[in-house]
Structures are given as structure tokens and as C-alpha cells.
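See structure below.
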Amino acid sequence: MADPPGCCHPCATCLLCLYSCHWVTPKKRKGLKTSKCDCSWFLFLFCVFLFTLVWLYFTIVILNDFHNFNEFIFKQRKLWLDWSLVLLIATATLITYSAVLLVLALCLQLCGQPLKLHWLHKILLILTALVVAAAFTGLGIKWAEEWRSARISLQATGPFLHIGIVGGMTLLAWPLASFIYRTRNKGLKVFLLLVYCAVMIALYLAPLGITSPCIMEENQLPPKPALVGHRGAPMLAPENTLMSLHKAVDCDVQVFETDVMVSADGVPFLMHDEELTRTTNVQAVFPERAALNSTAFNWTDLQQLDAGSWFLERRPFPTVQSLSAGDRYQVTKQRIPSLEQALEAAKQSNISIMFDLRPENHSDYQSFVNATLKVILQSGIPLQQVLWLPDGFREEVKQQAPGVQQIYGRKRLQNEKEPLLHVNLPYQDMSSEEIRQYRQDNISVNLYVVNQPWLFSVLWCSGVSSVTTNACQVLKEMKHPIWLLPSSTYLMIWIVVDCVSLLVILWAFLLLKYVLMPFPLPGQSETDVLLTKINSLMQE
């Protein structure tokens, strides 16, 4: 088989060597042909690459919520690790491997070489497909809400994914044209052309189904959402500490979101986990009681615990590495703060405080509510700065502290007795249309937990009132959504991309027709081609 122009023998040999995992000389290469089995493996390779590429996209999307996964693993295994790094490294390895193999196969096709995939590559491709399938299955079983996160992400990436996919399919026209001009199977030619044309037509019309709240005019952009510090500023200081509260204030948050528990002797304090092992040194101070519920400790015991050093040891976020020496020293001095101390700090900083009261299923929960209300009323903080989240005994709270703002963790009902003014929900639970409707009805919507700028941009364009975030230092610096396109501009981009793609595809087929047609098809000798040319000239 003659190599087409621009494809030298050494290059073709090296490509085939990498793809087939053995050295094939030019003489041996002439006897090799791409069988139907080889074509099937190429199709499988292409599907594995797409499958892995989709998983890479999911990996990037779920990074917004990965701290929750790290906390879940710690709760189950008492092992802290930033599993997002493990996930990214594994995903990058799989996508790189399948992409390199695909590029090799496409280059071989352009060079007119046989696609003889080595058995080792076949095994590794099957393993790659199984690993990614297992990852998707695990995601669906244990973390199903991330499917909704992926749908939301398409509002941020849809227009750009469309351009990228059109570009990729356009480039695929080159090896496709090469294959069509080389094969003698007319049925296969027609089938591939029909499939390719159908896919391209679908892609050209895809923007008709792409919607995004950020496709709007500049003057229609809602105000920037207010920031709610999730347990303070947990990327800059240990969560639920006074240092974290002050760091959140520096990030211009309007609300400090926290979690409250009540000690065995009736003192409300800040703590998220039911056990103290993750965010304190309780295993060193009280090793025999480390597994007890946080509410089993009295306030004197709690004050003996170090609530900061774990932050430097476990590094829950990459930002820990960039802390200054002064901040690192301050971290080591943190203790578990009482609710009274947090209210005083919030009052001094003139920010609101929003909290859950845990654990909701405790037998003494009503006494927890009473103890918490007592501290709030005695603190002197303006009651409108207190945002009450717990649903238990809400009516009693309204009676004892009518000035406290009631925040509901649910959507409004059709027959709502009392109109909702504030709702606090996961960001996956509200669509852009619902957010706009609530905004029109003067209902404040806070969504949690929003860490990535792309997600913040989508919610900003949707008109959300505020977001709870771990990354207040990042979102503070955003003066504008990542992108904002008027519909007329997006229409122009859509038309230009489709037209350029169509021209490139036509060019690829026409150019390769003139480049490859002088070369023999599989099973056709160069003499046959020469005789065909002479016959054509004589007829002219």
C-alpha cells in the first residue's frame, strides 16, 4: 500500500508501532489490512474516549461540592484526604490514554495505514470503560443530586460546549473523508456519510435547544447576590470559629452561617458535626470519650479543646498553604466559641447570623431551643440580624422572639397560611425560572453551597438574592458574571460557527479527493490506476 504524500515511511512505521505495540517494517506493512474487527475496535476506542470525556466534564462540575464528599468519607472511615485530587489525577490519566490512542488511530487512517490495535490496549480500554461506568454508577447511587448539578452546569457551558463539539466533529471530517475515499464498500460509505450528516445537522441546530440565564442584555442583569459565609470563611480559617467569622467579615459577607449545639450543662456553642473528632483534638484530650456526641460534653470540657490546629494538619482546602505566619499562629489559638461569643462578634461587625440547631432528633431538642433563645434575647443583638433556620418548635420561637427572621428550608406551598419571605435551599433544588418567579414575588432566595465562579455566574444571572459559600474570598472579587451575551450576539456566533464548520468539511472532502484518488484503493495495483488514467486520457 503506497503512503500518500506527506506521510513518510518512518512516521507511518512509528505510528503503527505505538498503536500495535510491535515494530512493523514497510515490507510487512504492505500485507496488513484493516479488518472488520479492527474497525469495531476503533469504534469502541472512539466511544470510550467520548465516555471518558463526559466523565471529565462531570468531574469538573462536582468539584463545587467535593468538600461534602471529603467530610462524608471522614465520617465513615475517620480518614481525611482531599479526594478531589485523586479523582482528577485518575480522570486525567484515563482521558489522556484514550485521547492518545484515538489520535494515533486517526493519524494512521490519514496515512492510509492498517489499524491493528494491540491486545494490551484492548484490555486497558475495556478496563477504562468499566472504571468510568463504575464511577457513573456510584455517582448515581450515592450522590444523585450531582446529576442536577450537571444540568445546571449546561446553562453555563452550553454555548461553548456547542462550539467545541462542532469544532471536534468538523476536524473528524478529515479522517472520515480519507476512509471513505479508500474503502470500496459502498454500503459502508453511504452509512457513514448519512450518520455524519445527521450528527452535523443536529449540532448545527442544537442552539435552538440551548438556554442560559446569562444570554441577556447588560441592562437586564440583576444585582450581584449577597454572600453568606458557610461556617464563616472555611478556606481561610477553621470553620465555626471566631477567626472564621472575622475572615468572613473581611470578605464582605452579609451573613455568618453556622451550626449550634447545646452542651450537657446548657451552653449553646458552634459545631457542625455530631462528633468532635474532625475539627478538634478531642482524641488527644478525651480519648475515651472521643466517639460521644458533642452534646455529651459540658462547656468546661469543650473549652479545653483545640479547634484550630486540625486546619493546618489536614488542610481541608488548598488555600491553607498560602496562609501567612500570623494567620497560622492565630489558627492554633482557636477554641470552640459559644453562641454568645458569636452573637457579640456579629453585633460588633454588623452582620447577620443564620444557624441550624443540631441534632434535630435529640430527645432534649425543646430545651435546646429554649437555651438558644435565652442567649439570643440576652445578647442585645438586634433580632432582625438573627436568621432562624430550625423547623422544630418554630411557632414557639415566633412567640418568644417575634423579631427574629424566619428562614424556611422548603419551597412555598399552594395554600400557604403565612407568606414565606425567606427560603434557604440547595442550589440544585431551584430552577432559573423559579428563582425569577420568587424574585418577582419579593421572596428572598438563598442557595447553598456555591463555590465555583461558573455556578455563581448562573445564579447571578438568574436573580438569586444570596448564596452560601466556602469561597467568599473568590466570589467577593467577581464584579461581573464570567460571561454575558446578548441574544443577538449569540445568534451571530451560532451562524458564523456553523458556516465555518460547513466550509471546512467541504474543503476536507474536496481536498482529500484530489490527494487520495491517484493512489490505489485496497486490492488495486498501481498498474491498474495507470491504465485507468491512460484510458481516461484517450477518451478525452
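Would you mind putting 487-497, 287-297 in packing order, based on average other-beta-carbon counts within 10 Å, highest first?
Highest-to-lowest ranking by the protection proxy: 287-297, 487-497.
Could you state how much accessible area LEU127 has, in square angstrom rounded to the nearest 10, with a 1.4 Å probe and all protein chains kept in place?
Estimated to the nearest 10 Å², LEU127 gives 90 Å².
Could you check the simple spin-label distance between VAL285 and TYR57, using points 7 Å along Cα→Cβ, in nm with one decimal?
4.9 nm
Could you tell me what percent of the accessible area of the range 80-183 is made up of carbon and sulfur, with a 1.4 Å probe and every protein chain present?
That share works out to 81 percent.
Quick check for you: with a 1.4 Å probe and neighbouring chains kept, what is the accessible area per residue of the chain, in Å²?
50 Å²
May I ask for the distance between the Cα centers of the range 351-408 and the range 238-304, given as a whole number of Å?
Each part's Cα centre sits 18 Å from the other's.
Find out how many positive minus negative residues lie around ALA342, taking Lys and Arg as positive, Asp and Glu as negative, among other residues whose Cβ is under 14 Å from that of ALA342.
-2
On a 1.4 Å probe surface of the protein chains, which of VAL103, VAL369 comes out largest in accessible area, and what is the full order?
Sorted descending by solvent-accessible area, the residues read VAL103, VAL369.
Would you mind counting up the charge near LEU512? Only other residues with Cβ under 14 Å from its Cβ, with Lys and Arg at +1 and Asp and Glu at -1.
Net local charge, LEU512 excluded: +3.
Using the alpha-carbon atoms, what tilt in degrees (0 to 90, nearest 10) does helix 83-110 show relative to the longest principal axis of the chain?
With rounding to tens, the tilt is 10 degrees.
I need to check one value: relative contact order of the range 227-476, counting alpha carbon pairs closer than 8 Å and at least 6 residues apart, in percent.
Once divided by the residue count of the range 227-476, the mean separation gives 21 percent.
For the chain, what is the mean residue ellipticity at 222 nm derived from helices alone (per DSSP H run of n ≥ 4: -39500 (n - 2.57); sum divided by total residues; nearest 500 deg cm²/dmol)?
Calculated from helices alone, the mean residue ellipticity at 222 nm is -17500 deg cm²/dmol.
Quick check: convex hull of the Cα atoms in the range 227-476, volume per residue, rounded to a whole Å³?
Taking the convex hull of the Cα positions in the range 227-476, it is 129 Å³ per residue.
State, as an integer percentage, the relative contact order of the chain based on alpha-carbon contacts under 8 Å between residues 6 or more apart.
So the answer I get is 17 percent.
Could you work out the percent of alpha carbon pairs in the chain separated by over 34 Å, rounded to a whole number?
Tail of P(r) above 34 Å: 54 percent of Cα pairs.
Give me the orientation-averaged projected area of the Cα convex hull of the range 274-400, in nm², one decimal.
So the Cα hull casts an average projection of 9.3 nm².
Roughly how many Å is it from the Cα centre of the range 438-472 to that of the range 45-81, as a whole number?
23 Å
Per the 1.4 Å probe, what fraction of the accessible area of the range 227-476, in percent, lies on carbon and sulfur atoms?
47 percent
Considering Cα pairs under 8 angstrom that are at least six residues apart, work out the relative contact order of the range 249-325 and quote it in whole percent.
26 percent
Post the alpha-carbon centroid distance, the range 103-126 to the range 190-233, in whole angstrom.
Here the two parts' Cα centres lie 34 Å apart.
Among the listed pairs LYS417/LYS476; LYS224/LYS398; LYS78/LYS142; LYS142/LYS479; LYS347/LYS374, which have their C-alpha atoms separated by more than 27 angstrom in this model?
LYS417/LYS476; LYS224/LYS398; LYS142/LYS479
Between LYS417 and LEU124, what FRET efficiency comes out of the Förster formula 1/(1 + (r/R0)^6) with R0 = 45 Å and r the beta carbon distance, rounded to 0.05?
0.15
Once phi is turned into ³J(HN,Hα) by the Karplus curve 6.51 cos²θ - 1.76 cosθ + 1.60 with θ = phi - 60°, what whole-Hz value does each residue of the range 384-393 show in order, with x for glycine and proline?
Result, ordered by residue: 5, 8, 9, 10, 9, 9, x, 7, x, 6 Hz.
Excluding TRP299 itself, what net charge comes from residues whose Cβ is under 13 Å from its Cβ, given Lys and Arg +1 and Asp and Glu -1?
Neighbourhood net charge equals -2.
Between GLN76 and LEU502, what is the FRET efficiency for a Förster distance of 51 Å, r being their Cβ-Cβ separation, to the nearest 0.05?
Taking R0 as 51 Å, the efficiency between GLN76 and LEU502 is 0.45.
If the cut-off is 17 Å between C-alpha atoms, which lysines fall inside it for LYS513, apart from same-chain ones fewer than 8 positions away?
Within the straight-line cut-off, LYS513 pairs with LYS186, LYS189, LYS533.
The values are calculated or read from the model by the stated rules, or taken from the named source; none is laboratory data. Bear in mind that the values here come from a model prediction, so they are computed numbers and not experimental data. Positions of Cβ are backbone-derived with ideal geometry, glycine not excepted, and every protein chain shown enters the neighbour counts. In case anyone asks, the SASA skips ligands and DNA or RNA and just uses the protein heavy atoms, side chains included. Shrake-Rupley method; radii C 1.70, N 1.55, O 1.52, S 1.80 Å.
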